[in-house]
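The values are calculated or read from the model by the stated rules, or taken from the named source; none is laboratory data. Just so it is clear, the structure is predicted and the values come from calculations on it, not from any experiment. A quick note on method: Cβ atoms are made from the backbone with ideal geometry, for glycine too, and the neighbour counts reach across all protein chains shown. Just the protein is used for accessible areas: all its heavy atoms, side chains included, with ligands, DNA and RNA removed. Shrake-Rupley method; radii C 1.70, N 1.55, O 1.52, S 1.80 Å.
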Amino acid sequence: MGEPGPSVGPPFGLLAELTHRCPLRCAYCSNPLQLVPASNELDTDQWRSVLDQARRLGVLQVHLSGGEPMARRDLPALVEHAHSLGCYVNLVTSGLSLTDGAAAELVAAGLDHVQLSIQDADTRGADAIAGARAHERKLAAAAVVRRLGLPLTVNVVLHRGNLDHVEAIVDLAERMGADRLELANTQFYGWALRNRAALLPTAAQLRAADVVVRDAVERLAGRMEISYVYSDYHERRPKPCMHGWGSRQLTVAPNGDVLPCPAASVIEGLDLENVRTRPLAEIWYESASFNAFRGTDWMREPCRSCAFREVDLGGCRCQAFLLTGDAANTDPVCQLSPHRAVVDRVLAEDVLLVPPPSVPRRMPVSRNGDAL
Amino acid sequence: MTVPDSHPEKRAFPLPDTAVPRLRRGVRLSFDPTRDSYVLLYPEGVLLPNETAAAVLGRCDGGADVATIVASLARDFDGVDAAQVSDLLRRLERRRLVEIVERPDGTVRDDG
């Protein structure tokens, strides 16, 4: 640990989690359970400095995300700054504040692309998942993006409660005028892991959805691109998480913590660095946290001698930690992992006939009872 | 260039000389001083085109047709092969980075 391998190149992407504040309360949120309060967010100049440093380091794609990035009043200024540096600027949003005026300001500042989430195909179901009256405003936001001529990706997190509606969801994305549709089965981190028993789909649901998605991909080829993220618990091989630790992208959390993977704050013993105290380039190339799982030298068996080690890179370090207690273990989703039984037990036990109620995502509460 | 090989069956249909390619909405060609390379930026990621591909992409302005692009390339480079240019554009079209805006008869495509 500590020394970068000779093959470490510059990152392509920065996931800038500007804030954890969000008007939605989705139970599948991938943000950590310990959300950063507004009082501890980086300020505008600190974010500008992060963008400057990221661009110098080699970042070309900036994903402004959260939480809800539009909760930051300085969002247009940050879009303008990233654009002026030559970055491709992507806004990842719930769309609730994306009115004509707000969107026009962001486009003028240099916004390149909008990724808009929806929760379900119909208003009632979607609003129940979001914990807010959000769906109709999201449809209006999509129309705004269309009018302004920006490319639009619609993103839908799939789970037990909406997976059966995937055909109607595809139809809705088409009506919204999406260029791309991301259908992503829930990955279990943060609030999603807390609510796994309520969210985990059944194998039968996934099989049915597979057929629908395959058909839609073919039918819509050339019109709307569909990307489908599998439910990794139900797979035999792990995902190549982040295309490798510290390989292509870095995440800066609202408080300035720099993460090799958006979920990495859960890994105990991983000494996270912060942009307030160390330059971003040093963190990328030299920090213990970014070098902890780079390449394949950190691997144990069965990864170390596995023919797939360069394909899946051992899967996800955060998932290995969360499910086995040690981030250097093989992702237990892998059939070759000695811990696969942990996942199988979840699949057997969590898929109950009646899912338990989920716990809505919520911010820490201040002394006077208001959300911070 | 990291664009994957084209499907052999599609090689049989080169672009007509009068087809007009352009970068799709949301796709930008830029130069990255950090990498000393042209970069193609699009919603899902970044591609590093080689010099030849960058030269082709830089000429996809939505006005020039394939014949004009090939002629322009031939002024700046030796050994320009129209079939290879057509093949590259087809690959980029399949990756949804380039779109062909006009058909040989002058009608605008309606299938994206």
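One table, with the values for the structure above:
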quantity	calculated
The one condition in (1) open to solvent by less than 30 Å² (accessible area, probe 1.4 Å); (2) more than 19 Å from the chain's Cα centre (by Cα); (3) within 14 Å of another protein chain (Cβ to nearest Cβ) that residue A:173 fails to fulfil	(3)
Which listed residue, of A:182, A:218, is outside any helix (DSSP H, G or I) and acidic (Asp, Glu)	A:182
Matching option when the condition is modelled with pLDDT of 95 or more, assigned to a loop (DSSP other than H, G, I, E, B) and within 14 Å of another protein chain (Cβ to nearest Cβ), among A:11, A:23	A:11
From B:32, B:61, residue being closer than 30 Å to residue A:13 by Cα, open to solvent by 70 Å² or more (accessible area, probe 1.4 Å), of a type outside the set (A, V, I, L, M, F, W, C) and at pLDDT 90 or above	B:61
Filtered residue count, the stretch A:179-197, keeping only those that are more than 14 Å from chain B (Cβ to nearest Cβ), open to solvent by less than 20 Å² (accessible area, probe 1.4 Å) and not hydroxyl-bearing (Ser, Thr, Tyr)	7
Sole exception among (1) within 14 Å of another protein chain (Cβ to nearest Cβ); (2) at pLDDT 95 or above; (3) in contact with a Lys or Arg (Cβ under 8 Å, 6 or more places away or on another chain) for residue A:225, by number	(2)
Residue that is farthest from residue A:231 (Cα to Cα) [pool: residues in the stretch A:303-339 that are small (Gly, Ala, Ser) and under 19 Å from the mean Cα position of the chain (by Cα)]	A:320
Wholly within the stretch A:230-338, helices (runs of 4 or more DSSP H) carrying at least 3 residues that are open to solvent by 20 Å² or more (accessible area, probe 1.4 Å)	A:280-286, A:309-312, A:317-324
